[in-house]
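Reviewing the structure listed below.
Read the figures in this text as sums done on the coordinates, not as results from a lab. Computed from a predicted model, the values in this text were never measured in an experiment. Cβ atoms come from the backbone with ideal geometry, glycine included; neighbour counts cover every protein chain shown.
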DNA sequence: TAGGGACCTGCC
DNA sequence: GCAGGTCCCT
């Protein structure tokens, strides 16, 4: 039995959408480029195979074009977003020119986002990708028309079979325990049903609830809320955002450390300034800080 | 509520 | 030495 295959084409304006920039910016971790102008990606049980064509992308997928559009937030105008953010925060405006085509993504699989970001704790991108790919290997295989195999991100009944020692051997380090404990806890709370039900919760409750999961602190919880549950007003405050916030908005904190209280103050500041655009605006600042390496060594002054 | 330290692994 | 932190303990 073979799944239906969809083929479609998307015209794009490079200022509005740069596929490579979007999928390597650290929002999602299962995209790779086997060749120039060719990208393969997955989200939950969806896979895409995209080839660059004149003025856009030609896409093959096991899901219709609407799934692609949703993932890349095609319903939101990047130009209008940039205009709103530049108005609310002039300091962000100049960054858009350096990050053309950057977009806030909207993965459909909250489970994949949750496990992915548990892997990001005190970690760096290449290894995060490797770990998420490793987890994905426990998912069911999906053969593409060209014979290559994509993986559905494993469901809990698959993940529950994975041991901590197995993950440690695979290089997860201490996050191996986070993953296995997270699986146990999710199962105990009602599994996929419980996770799906989180979609109906108001954002403050969602954030609080996610934080009660093992391996999920404030930062990871907010990444999951922002990316996995489409709460676009949520701003995960990581080391980069902390440095950005201090540099741009809270100079008095230059000698301070990030506490739970300051975390919330920064998050609230972003929401007040950018409203529902806060999450995307934060992502722009984050990417800029990441790319231009300003996170390295704050001068003690 | 804050502050300090441990924790896997890999790359600068 | 540090990375897109979390957890545990004063």
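Here are some notes:
- Comparison of A:215, A:279, A:228 shows that the only residue that is more than 26 Å from residue A:158 (Cα to Cα) and buried (at least 20 other Cβ atoms within 10 Å of the Cβ) is A:279.
- Answer from A:87, A:135 - the residue that is touching a residue at least 24 places away in the same chain (Cβ under 8 Å) and touching a helix residue (DSSP H, G or I) at 6+ places or on another chain (Cβ under 9 Å): A:135
- Filter pass, residue A:63 being in a loop (DSSP other than H, G, I, E, B), more than 16 Å from DNA strand B (Cβ to nearest atom) and under 20 Å from residue A:5 (Cβ atoms): yes
- Odd one out for residue A:76, checked against (1) assigned to a helix (DSSP H, G or I); (2) more than 16 Å from DNA strand B (Cβ to nearest atom): (1)
- Listed by position, the helices (runs of 4 or more DSSP H) enclosed by segment A:206-298 that each have at least 2 residues that are under 25 Å from residue A:101 (Cβ atoms), within 11 Å of DNA strand C (Cβ to nearest atom) and touching a helix residue (DSSP H, G or I) at 6+ places or on another chain (Cβ under 8 Å) are A:218-223, A:239-248, A:278-291.
- Exactly one residue among A:182, A:125 is within 11 Å of DNA strand C (Cβ to nearest atom), surrounded by 13 or more Cβ atoms within 10 Å (Cβ to Cβ) and under 26 Å from residue A:50 (Cα atoms), and that residue is A:125.
- Within segment A:134-165, being within 18 Å of the chain's Cα centre (by Cα) and either within 16 Å of DNA strand C (Cβ to nearest atom) or surrounded by 19 or more Cβ atoms within 10 Å (Cβ to Cβ) (or both) holds for A:135, A:136, A:152, A:153, A:154.
- Residue match in segment A:236-245 (condition: on the phi < 0 side of the Ramachandran plot and touching a residue at least 60 places away in the same chain (Cβ under 8 Å)): no
- Among (1) over 20 Å from residue A:29 (Cα atoms); (2) in contact (Cβ under 8 Å) with a residue 60 or more places away in the chain - the single one residue A:216 does not satisfy: (1)
- Hey, residue A:69 touching a strand residue (DSSP E or B) at 6+ places or on another chain (Cβ under 6 Å) and either within 20 Å of residue A:3 (Cβ to Cβ) or without any contact (Cβ under 8 Å) to a residue 24 or more places away in the chain (or both) or not: no
Conditions tested, residue by residue: (1) surrounded by fewer than 18 Cβ atoms within 10 Å (Cβ to Cβ); (2) free of Cβ contacts under 8 Å to residues at least 40 places away in the same chain; (3) on the phi < 0 side of the Ramachandran plot; (4) more than 14 Å from DNA strand B (Cβ to nearest atom).
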position: A:208; (1), (2), (3), (4): yes, yes, yes, no
position: A:220; (1), (2), (3), (4): no, no, yes, no
position: A:248; (1), (2), (3), (4): yes, no, yes, yes
position: A:253; (1), (2), (3), (4): yes, yes, yes, no
position: A:257; (1), (2), (3), (4): yes, yes, yes, no
position: A:265; (1), (2), (3), (4): yes, yes, yes, no
position: A:287; (1), (2), (3), (4): no, no, yes, yes
position: A:291; (1), (2), (3), (4): yes, no, yes, yes
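- Candidate set: segment A:168-178, residues that are touching a helix residue (DSSP H, G or I) at 6+ places or on another chain (Cβ under 6 Å) and assigned to a helix (DSSP H, G or I); chosen: the one nearest to DNA strand C (Cβ to nearest atom): A:178
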